[in-house]
Structures are given as C-alpha cells and as structure tokens.
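Written below as structure tokens is the structure these notes are about.
Taken together, the values in this text are just the output of simple stated rules run on the coordinates, not laboratory data. Owing to the predicted nature of the structure, the values given are computational and were not obtained by experimental measurement. Here the Cβ is made from the backbone with ideal geometry for all residues, glycine too, and neighbour counts use every protein chain on show.
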Amino acid sequence: MTFSELTEGVYRCGSDRVNWYLVEDDDALTVIDTGFPAHWQQFLHRLDELGYDYTDIEACLLTHAHPDHIGFAERLRETCDVSACLHPADIQRAQAGGEPPLGGLVKNLWRPAILRYFIEVIQSDGTSIQPVQTVERIHDGHELDVPGRPAVIHVPGHTEGEVAFYLPDRDVLFCGDALATVDFETWQGHTPQLLPQWLNIDHDQARASLADLESLGNVLLLPGHGDP
Ligand SMILES: [Zn+2]
C-alpha cells in the first residue's frame, strides 16, 4: 500500500502496481482513477485519514476504461453521487466492465511480472467490474470546474478514449496509461515509456499522442503504473 502526499494536495493511493490519486482543493476532493474494486476499503480509509467524508467528493475522473482504472467508479457513483467523467470513446468499454486485453495478457503470462500482475487482477476482483452506468463526457481542451481544475488532454492509443489530466497551477500531469514509468513486462527501471505494444490498442497512435504532452514542459508525471 502506498499513500503519500506527492505535492501540495495530491495523494497517491492503490497498490505497488496500480496507482490512483486524490486531489485536494478548497476542502473538497477529486478522485483520479479508481483502481480495482477491492481498493474501495482503502478509499474509505484515506477519506478518514484526510478528515473527509462522502459529501466532500466532488468529482471522479477516469483516464480510460480498463479494469485497473475503473474498479470502484460505479460504487463511488452510488455512494457519493458523483458520476465518472470519461472520454466518449471509452464509454462503451466502461459500460462493459472494462474489456481488458486478455489475449495479450494470457500470451505473456510466462513473464514473472505479468503473472504477478494477473494474480493481483484476480485477487483484487479485477475480473468482475461493475459496469459504469452514468458517465459525464469530457473532451480534449476541457478545463474541468472540479477540485484541482484539471485540463483534459486526449491522448488516444492505449485505448481510444485515453486522456491525461493536467493541473496547471501545480505542474502535475496524471497521464493514465499514455505513459508508464516502469517497464510493464519486467517491472524494472524508472523512466517514462509507452506501455508494451500488446497492451496498446494502437501503439503508433500512442506514440504520436505524446506530442500533445510535450508542450507542457517539466511536470510531475503521475502514471497509472510506476513511481512519480
Ligand atoms: Zn492500467
């Protein structure tokens, strides 16, 4: 378990392999990605630790609709009455419960790091995701009027609707799986990199999307997988 304040009002949550984040602003919170379903208990603990309750959650932003990012989004909606914000191109996937790239995962199970990841998926209920029912559509260039005031940058390639969220006044970029900071196949190293080709729906597009992040300059890069 990892829970630390990375920079002013930005907290990392999740597991060693899967990150989601809380952003604090004016005594309210934005949840960025929702890990696996089993992370719900952790979410409740974090709220408690930070001195918040359900009514302080103002937004749930999803970088994309894979099972390790939408895990407790529906439960959050039911409990806190916040709809998940998602790019329209990933809505169908979210309503189908995530649609993981199972074929690629199975083919790569001989890799110890992928096997460990797969075991975590199963142990964390990542194979039984509650479909995300009500979704607020977000688009490239939107500045969202929620805690942290994130800007939406559409960076397709990992999935069709992959987005990054940029906090201009804190120079923080939540890049989802547009980039990881660890080699997903070996779980080694610490440099920004694309996910392996077999995990991206369109690897060339994922590479091309990076151009839209380049103009941001230096940021604290907070990925779905890997350390800041
Ligand atoms: Zn992921």
Query raised in the report: Once all Cα-Cα distances of segment 113-228 are split into 5 Å bins that start at 0, what whole-number percent is in each one?
Result: 2, 11, 18, 21, 21, 15, 10, 2
Requested in this report: Between Glu99 and Asp26, take the C-beta separation as r, use R0 = 22 Å, and let me know the FRET efficiency to the nearest 0.05.
Outcome: 0.05
Query raised in the report: For Gly126, what charge total do you get from the other residues with a beta carbon under 10 Å from its beta carbon, if Lys and Arg give +1 and Asp and Glu give -1?
Result: -3
Query raised in the report: Got a sec? Which residues in segment 81-116 would a label at Asp53 touch, if it sits 7 Å along Cα→Cβ and we count backbone N under 17 Å?
Result: 81-82
Report summary line: Out of His45, His158, His69, a Gaussian network model of the chain with alpha-carbon springs under 10 Å gives the largest mean-square fluctuation to His45
Query raised in the report: Excluding the sites themselves, what is the longest stretch of the chain that contains no chymotrypsin sites (Phe, Trp or Tyr not before Pro) in a DSSP loop with at most 14 other C-beta atoms within 10 Å?
Result: 111-228
Report task. Any chance you could run the full-extension gain for Glu78 through Glu143? It's 0.36 nm times the residue separation minus the Cα-Cα distance, nm to one decimal. Result -> 20.9 nm
Query raised in the report: When the C-alpha atoms of segment 4-223 are aligned to their principal axes, what extent does each axis show, in angstrom, from largest down?
Result: 46, 38, 31
Query - segment 3-139 - percent relative contact order, Cα under 8 Å, separation 6 or more - result: 23 percent
Requested in this report: May I ask for the net charge around Thr30, where only other residues with Cβ less than 10 Å from the Cβ of Thr30 are counted and Lys, Arg are +1 while Asp, Glu are -1?
Outcome: -2
**Report entry** Fully extended contour minus Cα-Cα distance, from Glu185 to Leu115, at 0.36 nm per residue
**Finding:** 24.2 nm
Report task. Please give the contour-minus-distance gain from Gln197 to Val106: 0.36 nm per residue of separation, less the Cα-Cα distance, rounded to one decimal in nm. Result -> 31.3 nm
